[in-house]
Each structure stands twice: as C-alpha cells, then as structure tokens.
Amino acid sequence: MSFLESDKVQREINPTMKNIIKILLLFLILIGCTSPYREAGSGGGYSDTQKDNPKATSEQPLETNTGEKIKAGRRQQDILGQAGRLRSFLFLYCRAYESKDLDKFSAFFAPDATENNRPFHEFLPRYRRNFERIKTFNYRIDLDSYTLDTETGNIKVKGKYFIQYLLNDGTWKENNGIISMELIESGDSYLVKRLNYSFLSLE
C-alpha cells in the first residue's frame, strides 16, 4: 500500500473511532450518574428523610429508652421508700398499742377516723377497759400490700396482725387476722383515717 493510500484509510478510520470513543464516554458517564441513585434506593441505604434528620433514626429511640429507664428507677425508689415508711409507721403504731397509753395510741388516728365503719372515738372506752385488764402485749402487723388512691391521695394498706397478751390473772391469750388501713399523709408519717380488721376483742 502506498503512502497516499495509507493516509486515505487513516482519514476514513479516524472519524469512526472518534464516534465510538464518544459513545463509550457517554455510556460511562451515564453509568456513573445512575449507580449512586440505585444504591441510595437499595435496602442497604437510607432515605432522604433519614439523611435530613439522622436523630429520628438513632438518637431519639435512645433518648426515649433512657428517659423511661430513669422514670422507672425513680418509681422503684419511691416504692421502696414508701414501703419503708409504712413499715416504720406500723411498727410505731404497734409499740404505742403495747404501751397501753390511750392518749399516745389515739394520736395515730385522724380526728374523723373510723374503726370497722364506726367512729373511732366510740371505741375509746373499750380500749381503756382492755388496757386495764391486760398486763402486757406483744403486737405485730405484717405489711402485705399497699396502693395509692389516685382520687383522694390516701394510701390503702393491707396486712396481717398477730397479738399475744397476758391478762392480769396470769392467763395468756392470742389473736390474729386480716387488717386494713387507709392512711393520710401527716408530715413525715401518717394518720389512720380508716381501720378495719377481721376480729379483735378481749371481752
């Protein structure tokens, strides 16, 4: 092939190669533009909403869970603290009863307190007679459960009582049963608003 013929062939081939190269470049550009879109829409990516507000997917659940744990912890502390206060109150209540000091024992009751659905003050003569007949007491109340009345704010206590007493004539007796109280807040302690029990009589 002569030089002139070779030059002619090159001139004919070059435009064709240029067109092929242009097509290849355009194809590569199109692939580069569409690939990120497919990745973003795939299951392994995240949505535009997530990109704009990353807290919605990560920090918010953590903050909610942390807040709930803190509240639960505080409630647990309140419950434990309340149970301790109630047991302390019941302990002092029993000691006042054992002392046979009617004024001291009466101070644990609210002015409008009731006992077995009757005014507490109506039972004072009976308490006085029993205290005079008894030489010594052993009295205990075991706390079973308590609930907060959301309407009144009072605390309702349920438990079991156990009592042993020695009469002046030397006779030992004992009694036990179910007891419930409705208590109202009074400073750091409580006052009995309602007292109910299954049966307790020394007569």
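Okay, here's what the table says:
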item	result
Residues located in segment 103-135, provided they are within 20 Å of Q164 (Cβ to Cβ) and open to solvent by 10 Å² or more (accessible area, probe 1.4 Å)	R126, Y127, R129, N130, F131, E132, R133, K135
Every residue from segment 108-157 that is free of Cβ contacts under 8 Å to residues at least 40 places away in the same chain and assigned to a strand (DSSP E or B)	P111, R118, P119, K135, T136, D142, D144, S145, T147, L148, K156
Subset of segment 160-185 that is surrounded by fewer than 14 Cβ atoms within 10 Å (Cβ to Cβ) and closer than 18 Å to L143 by Cβ - its residue that is farthest from the chain's Cα centre (by Cα)	G177
Segment 188-199: number of residues that are under 16 Å from Y93 (Cα atoms) and either buried (at least 19 other Cβ atoms within 10 Å of the Cβ) or out of contact with any helix residue (DSSP H, G or I) (no Cβ under 9 Å at 6 or more places or on another chain) (or both)	8
Odd one out for G41, checked against (1) at pLDDT below 90; (2) open to solvent by 100 Å² or more (accessible area, probe 1.4 Å)	(2)
Candidates E185, E174, E122, filtered to the one that is modelled with pLDDT under 95 and out of contact with any Leu (no Cβ under 9 Å at 6 or more places or on another chain)	E174
Any hit, segment 95-106, residues being in contact (Cβ under 8 Å) with a residue 24 or more places away in the chain, outside any helix (DSSP H, G or I) and under 36 Å from the mean Cα position of the chain (by Cα)	no
Checking Y127 against (1) in contact with a helix residue (DSSP H, G or I) (Cβ under 8 Å, 6 or more places away or on another chain); (2) at pLDDT below 95, the condition it does not meet	(2)
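The values are calculated or read from the model by the stated rules, or taken from the named source; none is laboratory data. Quantities reported herein were computed from a predicted structural model and do not represent experimental measurements. Positions of Cβ are backbone-derived with ideal geometry, glycine not excepted, and every protein chain shown enters the neighbour counts. Remember, those area values only see protein heavy atoms, side chains included, never the ligands or the DNA or RNA. Shrake-Rupley method; radii C 1.70, N 1.55, O 1.52, S 1.80 Å.
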